[in-house]
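The structure's right below; bear with me while I get my questions together.
The values are calculated or read from the model by the stated rules, or taken from the named source; none is laboratory data. Just so it is clear, the structure is predicted and the values come from calculations on it, not from any experiment. As a convention, Cβ positions derive from the backbone with ideal geometry for all residues, glycine included, and neighbour counts pool all protein chains shown. Surface accessibility is based on the protein's heavy atoms, side chains included, excluding ligands, DNA and RNA. Shrake-Rupley method; radii C 1.70, N 1.55, O 1.52, S 1.80 Å.
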Amino acid sequence: MPNIDFLYEILEKRGVSGDEHAFSAFVVDYVLQRRKNWKVQPEVYFGEKFHDNIILKFGNPRTVVFAHMDTIGFTARYENQLVPVGGPDVSDGDVLVGEDALGYIECSVTVDDGKVTHDFPRGIVPGTNLSYKQDVKVADGYIQAAYLDNRLGVYNALQLCEDLEDGVIVFSTYEEHGGGSVPFLMKYVYENWGVRQALISDITWVTEGVRHHEGVAISLRDQFIPRKVYVDKILQLAEESGVPYQVEVEGAGGSDGREVQMSHYMVDWCFIGAAEDNVHTPYEKVSLKDLEAMIMMYKYLMAHL
Amino acid sequence: MPNIDFLYEILEKRGVSGDEHAFSAFVVDYVLQRRKNWKVQPEVYFGEKFHDNIILKFGNPRTVVFAHMDTIGFTARYENQLVPVGGPDVSDGDVLVGEDALGYIECSVTVDDGKVTHDFPRGIVPGTNLSYKQDVKVADGYIQAAYLDNRLGVYNALQLCEDLEDGVIVFSTYEEHGGGSVPFLMKYVYENWGVRQALISDITWVTEGVRHHEGVAISLRDQFIPRKVYVDKILQLAEESGVPYQVEVEGAGGSDGREVQMSHYMVDWCFIGAAEDNVHTPYEKVSLKDLEAMIMMYKYLMAHL
Amino acid sequence: MPNIDFLYEILEKRGVSGDEHAFSAFVVDYVLQRRKNWKVQPEVYFGEKFHDNIILKFGNPRTVVFAHMDTIGFTARYENQLVPVGGPDVSDGDVLVGEDALGYIECSVTVDDGKVTHDFPRGIVPGTNLSYKQDVKVADGYIQAAYLDNRLGVYNALQLCEDLEDGVIVFSTYEEHGGGSVPFLMKYVYENWGVRQALISDITWVTEGVRHHEGVAISLRDQFIPRKVYVDKILQLAEESGVPYQVEVEGAGGSDGREVQMSHYMVDWCFIGAAEDNVHTPYEKVSLKDLEAMIMMYKYLMAHL
């Protein structure tokens, strides 16, 4: 079973939206090596036809899980300017890393009236992507790191693979920046296997209603609204599962669920994930108990939904 | 023919976006009972495969009518907070109703700096939907009520069924809150029957250019722009019809027409509907003459377009 | 080969989003007459089934070029009001032209606190489209005119046809105002010919990083982000081509590329085009050298990509 060391490993991988190629290849390698230990051998779909997305199909699927592989970050522009990818919540002095044709890059940022610049001594090749330097801390029941959103969602999905019998697992791209992969992926999953239920394996926000250590959050809505008959069914199963959970009701925020909703297919979706503090900073923070509840809840739901 | 009592009946039904299940079942029941009196027996498509949407197919269709079943409203959040569904134009003291596991709910709202809260003495189960308490008034040539947008569009579509020979009638969900059903519905209608013309049976706004009692509004554009060759054809038929109409030109607002435009199918669309005052309040107000013109115009267009 | 006179000719044609019918017919006529001189005879797709879009298919295509035919402009509303189509950057005194049932229209605009009105002595039929009066100037290495965005992209695409062996050329509608045609067009091109690479033949902005006379701009991102592996491949080919180019990195702006990204098909896209000053005014201005580089770069890429 993928353990905390494996989580450390994927937290070290960069993969800004649009630039998921290397991380996707890493996940494919892992899957191809690891799957012999899984209860059921999935069919694995990847490669140019899928761009950098990955689809694993187990048994006779009824439900698809989406976990996005990309992270927020920045694109180098001209001079020392940086353009955001997704919505980084960046602060003066945050350290960014990346690589261009001239080599490894590590620099600090200055934020002035919304404009972000870096202090790297040489110019960075325009179009190069940078993201937070990683610094993982596990202590006092928490994990703190950059990229928890959504490396934890990916970790959850890979844990799920260990004993999944029926289901589809999708590792998607572009979620943090406008989306665009899920329309194809949903089409593929629906047309090939008729799957009509989706779960979004992603990380949400700690708020006044969703707190650390109180279980995985089941989101009844964010900016978009899943169908009530579906989330009611999930809540009933969650209650039966005995796994700690809390319900979330928000008016803002989005996920791959939005694109499932907007797709040409009638597929129900629900966002389920642990909550984090310090969203889109280098020190996102999640309760290990909530992460454990997330994994247990997904295992229960994939078996019973 | 469905009369004013039937209109009263559907105005009493709640159905906030995402929570149209009960209202959809009511419409299906009505259709299945009523259709024996219709000139042509339609094929009726509904059920889980269609989520809560309904498709009626009459004869050899050339045109599809979309009428959305959902209404604006609110989702209960934590404490006594409410999150809007769609864009309710709510005022202090407006009365909301709904139901959760603990029973019937009726409460008043307070609006403070954009934050909406309720005064229900007990907590409301988070995720519960509330909407305006209904109070229908018919007097002086007007109907005033909550949910006229879009119970009148549904009413119009059902009137149309009485003697429709060729056409598709779609009762859709989610229109008030981001959409997401029309991509599937348009795909279904196009791929099965090759329909390339759409009319949007919905309610618009009284403005300086669109007034009560002056006929049904034919919208030449809102935030989105239908193809000019199509609206020109409709205007010509409208002129021939002898039915009172007025043209609308707006820079804002949207409808299911937006999703027809964005779909993967080349389908022309045009919004045609009576205009209302007090949009998205509990006392929306429409001229009965304009409603009558709407019904007559749809009957003419469905026969001649 | 279409020369500068032909460019003058298409600059005189109006075609506000939603109202491309006449310009589309003009392009079809040109294609049907001109194609006998082309190196390869394309299949030509147009007509009601395609609304006002046009598809040319040459040989065994690997790459599709999108060039939008529509322009920004205004719709006449009530009284003397005008509602914008797309994002015109209009100034007091700009001259607009158009035509309604009563005849030719030429008028000046007044801009007051964001509200645009015209001074035409009679009322204009609501729904009538107006756009900038044309005034083409070629001098000092520049072309200055209205509609350069995107008549130059169309011109580029038609130049490309002269000796194109393998590829698809699409002339699209609605790009300036919300889009809606590309989902269908991309579906058609992908499903019929399996094309998975797209180039967006359109005009971008002069900025601090993209200057006149320094070559065609290859956009590494705008509001949306193409896949890095694809733009890297294009940059490598651009380097090999010897054609002058510059790279663009922006955080805003969009194109038909957005809709390729959001489509149900895994198709890479990249925006490549000359840059202009005075965007969406009557006096857009492009370097003739950059236009020439644009044409040369497309010829190279369509052969080698």
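The conditions are (1) among the β-branched types (Val, Ile, Thr); (2) under 12 Å from C:VAL16 (Cβ atoms); (3) more than 18 Å from the chain's Cα centre (by Cα), and C:VAL85 fails exactly one of them. Which is it?
(3)
Residues in segment B:107-154 that are in a strand (DSSP E or B) and over 30 Å from B:LEU291 (Cα atoms): how many?
10
Now a separate question. Which residue out of B:GLY242, B:GLY254, B:GLY273, B:GLY215 is assigned by TED's automatic domain parsing to the domain that holds B:GLY178 and at pLDDT below 95? Steps first, answer last, please.
Values: B:GLY242 fails: at pLDDT below 95; B:GLY273 fails: at pLDDT below 95; B:GLY215 fails: at pLDDT below 95.
The match here is B:GLY254.
Determine whether segment B:5-15 contains at least one residue that is in contact with a Gly (Cβ under 6 Å, 6 or more places away or on another chain) and outside the structural domain of B:ARG122 (by TED's automatic domain parsing).
At the first step, the residues of segment B:5-15 found to be in contact with a Gly (Cβ under 6 Å, 6 or more places away or on another chain) are none.
Within segment B:5-15 (the criterion being in contact with a Gly (Cβ under 6 Å, 6 or more places away or on another chain) and outside the structural domain of B:ARG122 (by TED's automatic domain parsing)), the answer is no, since none of the residues qualifies.
Does segment A:263-270 include one or more residues that are buried (at least 18 other Cβ atoms within 10 Å of the Cβ), under 16 Å from the mean Cα position of the chain (by Cα) and in contact (Cβ under 8 Å) with a residue 12 or more places away in the chain? Walk me through how you get there before you give the answer.
Applying the first criterion (buried (at least 18 other Cβ atoms within 10 Å of the Cβ)) to segment A:263-270 yields A:263-270.
After this cut, where a residue has to be under 16 Å from the mean Cα position of the chain (by Cα) as well, the list is A:269-270.
Applying the additional criterion that residues be in contact (Cβ under 8 Å) with a residue 12 or more places away in the chain yields A:269-270.
Looking for residues that are buried (at least 18 other Cβ atoms within 10 Å of the Cβ), under 16 Å from the mean Cα position of the chain (by Cα) and in contact (Cβ under 8 Å) with a residue 12 or more places away in the chain, one finds at least one in segment A:263-270, hence yes.
Now, a different point. Only one residue in B:LYS228, B:LYS285, B:LYS289, B:LYS233 is modelled with pLDDT of 95 or more, among the basic types (Lys, Arg) and under 30 Å from B:VAL109 (Cβ atoms). Which one?
When all the criteria are applied, what remains is B:LYS285.
Could you check how many residues of segment C:243-263 are within 7 Å of chain A (Cβ to nearest Cβ) and farther than 26 Å from C:HIS213 by Cβ?
Count: 3.
When you look at C:GLY242, is it open to solvent by 10 Å² or more (accessible area, probe 1.4 Å) and closer than 20 Å to C:THR71 by Cβ, yes or no? If you could, list the steps in order and put the result at the bottom.
Working: open to solvent by 10 Å² or more (accessible area, probe 1.4 Å): yes; closer than 20 Å to C:THR71 by Cβ: no.
Against the criterion (open to solvent by 10 Å² or more (accessible area, probe 1.4 Å) and closer than 20 Å to C:THR71 by Cβ), C:GLY242 does not qualify.
Same structure again: Which residue out of B:VAL189, B:VAL260, B:VAL229, B:VAL210 is closer than 28 Å to C:GLY86 by Cβ, in a helix (DSSP H, G or I), open to solvent by less than 10 Å² (accessible area, probe 1.4 Å) and of a type outside the set (Ser, Thr, Tyr)?
B:VAL260
Continuing with this model, one more query. Out of segment B:277-305, which residues are in a strand (DSSP E or B) and touching a His at 6+ places or on another chain (Cβ under 9 Å)?
B:ASP277, B:LYS285, B:VAL286, B:SER287
With segment C:13-99 as the region, which strands (runs of 3 or more DSSP E) entirely inside it contain at least 2 residues that are within 12 Å of chain B (Cβ to nearest Cβ) and open to solvent by 30 Å² or more (accessible area, probe 1.4 Å)?
Numbers: elements: C:43-45, C:54-58, C:63-68, C:73-76, C:81-85.
So the answer is C:81-85.
Restricting attention to segment C:101-127, which residues are surrounded by fewer than 18 Cβ atoms within 10 Å (Cβ to Cβ) and within 14 Å of another protein chain (Cβ to nearest Cβ)?
C:ALA101, C:GLY114, C:LYS115, C:THR117, C:GLY123, C:VAL125
Could you say whether any residue in segment A:91-104 is within 28 Å of A:GLY194 (Cα to Cα) and either of a type in the set (S, T, N, Q) or in the same structural domain as A:ALA146 (by TED's automatic domain parsing) (or both)?
The answer is no; no qualifying residue exists.
Please determine whether any residue of segment C:136-145 is of a type outside the set (Asp, Glu), touching a helix residue (DSSP H, G or I) at 6+ places or on another chain (Cβ under 6 Å) and open to solvent by 10 Å² or more (accessible area, probe 1.4 Å).
Checking segment C:136-145: at least one residue is of a type outside the set (Asp, Glu), touching a helix residue (DSSP H, G or I) at 6+ places or on another chain (Cβ under 6 Å) and open to solvent by 10 Å² or more (accessible area, probe 1.4 Å).
Here are C:LEU164, C:LEU158, C:LEU148: which of them is over 18 Å from the mean Cα position of the chain (by Cα) and buried (at least 19 other Cβ atoms within 10 Å of the Cβ)?
C:LEU164
Given the structure, is B:ILE234 in contact with a helix residue (DSSP H, G or I) (Cβ under 6 Å, 6 or more places away or on another chain) and crowded, with 17+ Cβ neighbours inside 10 Å? It would help to see each step written out before you state the result.
Values: in contact with a helix residue (DSSP H, G or I) (Cβ under 6 Å, 6 or more places away or on another chain): no; crowded, with 17+ Cβ neighbours inside 10 Å: yes.
Taking the combined requirement at face value, the residue does not satisfy it.
In segment C:227-261, which residues are closer than 20 Å to C:ARG62 by Cα, in contact (Cβ under 8 Å) with a residue 40 or more places away in the chain and of a type outside the set (Ser, Thr, Tyr)?
Correct list: C:ARG227, C:LYS233, C:ILE234, C:LEU237, C:ALA238, C:GLU240, C:ASP256, C:GLY257, C:ARG258, C:GLU259, C:VAL260.
Can I ask one more? Checking C:VAL216 against (1) under 30 Å from A:HIS21 (Cβ atoms); (2) surrounded by 24 or more Cβ atoms within 10 Å (Cβ to Cβ); (3) within 12 Å of another protein chain (Cβ to nearest Cβ); (4) more than 14 Å from the chain's Cα centre (by Cα), which test does it fail?
(3)
What do you reckon, is B:GLU48 modelled with pLDDT under 95 and either farther than 17 Å from B:LEU160 by Cβ or outside the structural domain of B:GLU284 (by TED's automatic domain parsing) (or both)? Lay out the reasoning, then the answer.
Values: modelled with pLDDT under 95: yes; either farther than 17 Å from B:LEU160 by Cβ or outside the structural domain of B:GLU284 (by TED's automatic domain parsing) (or both): yes.
Criteria met by B:GLU48.
Name every residue in segment A:191-203 that is within 14 Å of chain B (Cβ to nearest Cβ) and out of contact with any helix residue (DSSP H, G or I) (no Cβ under 6 Å at 6 or more places or on another chain), in order of residue number. Quick ask: steps written out before the conclusion?
Of all residues in segment A:191-203, those within 14 Å of chain B (Cβ to nearest Cβ) come to A:191, A:194-198.
The answer is A:GLU191, A:GLY194, A:ARG196, A:GLN197.
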